[in-house]
């Protein structure tokens with residue numbers, strides 16, 4: 001018997017998570033935590049289930065599974081009114097909170113949910129902006145509480161950024177991580193820091209892209225083409241720190257110094273860890289150590305595997321051309 005999942009909030013995030021877990025075989029109860037008339041709830045229920053059906057139908061049309069299975073997957077999802085919240089929460093293995101990104105709203109909702117659920121279910125916020133310890137105090141038994149930040153669309157993007165709080169039981173983190181991995185997600189653990197991982201990096205990249213348009217460096221169309229076929233192309237295969245090691249941390253160090261001077265802006269300065277790695281001789285593949293450890297690795301085989309993945313990306317973009325002979 002697959003464990004039951006509950007989603008607090010019937011908005012975009014709750015619906016997206018419902019698709020993921022129902023697809024993986026879990027029964028999912030999506031709880032609408034707002035008081036509504038029966039007619040208004042029925043309208044919301046029809047809208048939510050209709051959207052989930054549309055998503056599943058699209059995924060089937062894209063070849064992910066047989067369209068004949070849509071009804072069976074959808075049957076695992078139930079939209080629950082406020083009056084059924086206690087039963088939905090108390091019977092769940094994990095509760096994902098997805099109410100609006102307002103601190104007081106989240107704290108109030110989590111306080112109520114933790115009381116209704118009892119001490120057993122894991123409770124995970126999906127907040128993209130609020131730090132876990134800013135809301136954990138509202139949860140009864142905070143050792144079972146952490147943040148699990150999904151990236152939209154939740155049913156497609158593999159990554160889930162997990163951020164345990166100071167009171168989170170490590171066994172709870174391990175249990176949720178294993179559950180996410182079992183349904184095909186790729187969870188990572190990060191400290192409770194503003195922006196987590198991806199939002200913090202992408203905020204810099206998006207602002208810089210907009211700034212380059214403002215400065216007349218390139219057109220929006222050419223900037224996006226450069227990002228898609230250069231920046232995104234490489235980082236779909238190599239992690240960002242892996243890429244530093246691939247080229248060499250020394251290259252980043254000197255490039256950062258040049259850009260800082262040429263553009264007269266400290267935002268291009270490299271962090272101290274780059275200089276410390278250089279001083280220690282840990283500049284990447286060429287020294288067997290960088291941010292990652294390559295000691296004992298068959299580096300030629302590793303390079304070949306990564307290059308093969310780049311070729312697969314070329315095929316994805318339909319950019320593999322036959323040689324001229």
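The values are calculated or read from the model by the stated rules, or taken from the named source; none is laboratory data. Remember, predicted model here, so these are calculated numbers, not experimental data. A quick note on method: Cβ atoms are made from the backbone with ideal geometry, for glycine too, and the neighbour counts reach across all protein chains shown.
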Go over the candidates 188, 157 one by one and state the one that is over 20 Å from residue 7 (Cα atoms), without any contact (Cβ under 8 Å) to a residue 40 or more places away in the chain and either exposed (fewer than 15 other Cβ atoms within 10 Å of the Cβ) or under 15 Å from the mean Cα position of the chain (by Cα) (or both).
188
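A quick yes/no check of all residues on (1) out of contact with any strand residue (DSSP E or B) (no Cβ under 6 Å at 6 or more places or on another chain); (2) more than 24 Å from residue 52 (Cβ to Cβ):
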position: 129; (1), (2): yes, yes
position: 139; (1), (2): no, yes
position: 143; (1), (2): yes, yes
position: 146; (1), (2): no, yes
position: 150; (1), (2): no, no
position: 156; (1), (2): yes, no
position: 159; (1), (2): no, no
position: 163; (1), (2): no, yes
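This table checks each residue for (1) assigned by TED's automatic domain parsing to the domain that holds residue 27; (2) surrounded by 14 or more Cβ atoms within 10 Å (Cβ to Cβ); (3) within 23 Å of residue 202 (Cβ to Cβ).
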position	(1), (2), (3)
66	yes, no, no
76	yes, yes, no
84	yes, yes, no
150	yes, yes, yes
Sort out for me the helices (runs of 4 or more DSSP H) sitting completely within segment 41-160 that have 1 or more residues that are farther than 30 Å from residue 196 by Cα.
70-74, 85-90
Among the residues of segment 264-271, is there at least one that is closer than 16 Å to residue 205 by Cβ, over 30 Å from the mean Cα position of the chain (by Cα), in the same structural domain as residue 204 (by TED's automatic domain parsing) and free of Cβ contacts under 8 Å to residues at least 12 places away in the same chain?
yes
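Yes or no, residue by residue, for (1) modelled with pLDDT of 95 or more; (2) at positive phi; (3) surrounded by 11 or more Cβ atoms within 10 Å (Cβ to Cβ); (4) within 17 Å of the chain's Cα centre (by Cα):
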residue: 194; (1), (2), (3), (4): no, no, no, yes
residue: 212; (1), (2), (3), (4): yes, no, yes, no
residue: 216; (1), (2), (3), (4): yes, yes, no, no
residue: 224; (1), (2), (3), (4): yes, no, yes, no
Can you list the helices (runs of 4 or more DSSP H) lying wholly within segment 219-266 that have 3 or more residues being under 26 Å from residue 303 (Cα atoms)?
232-235, 240-247, 249-262
Complete set of residues in segment 7-29 that are under 14 Å from residue 73 (Cβ atoms) and assigned to a strand (DSSP E or B)
28
Out of 72, 48, I need the residue that is assigned by TED's automatic domain parsing to the domain that holds residue 106 and closer than 27 Å to residue 110 by Cβ. Which one?
48
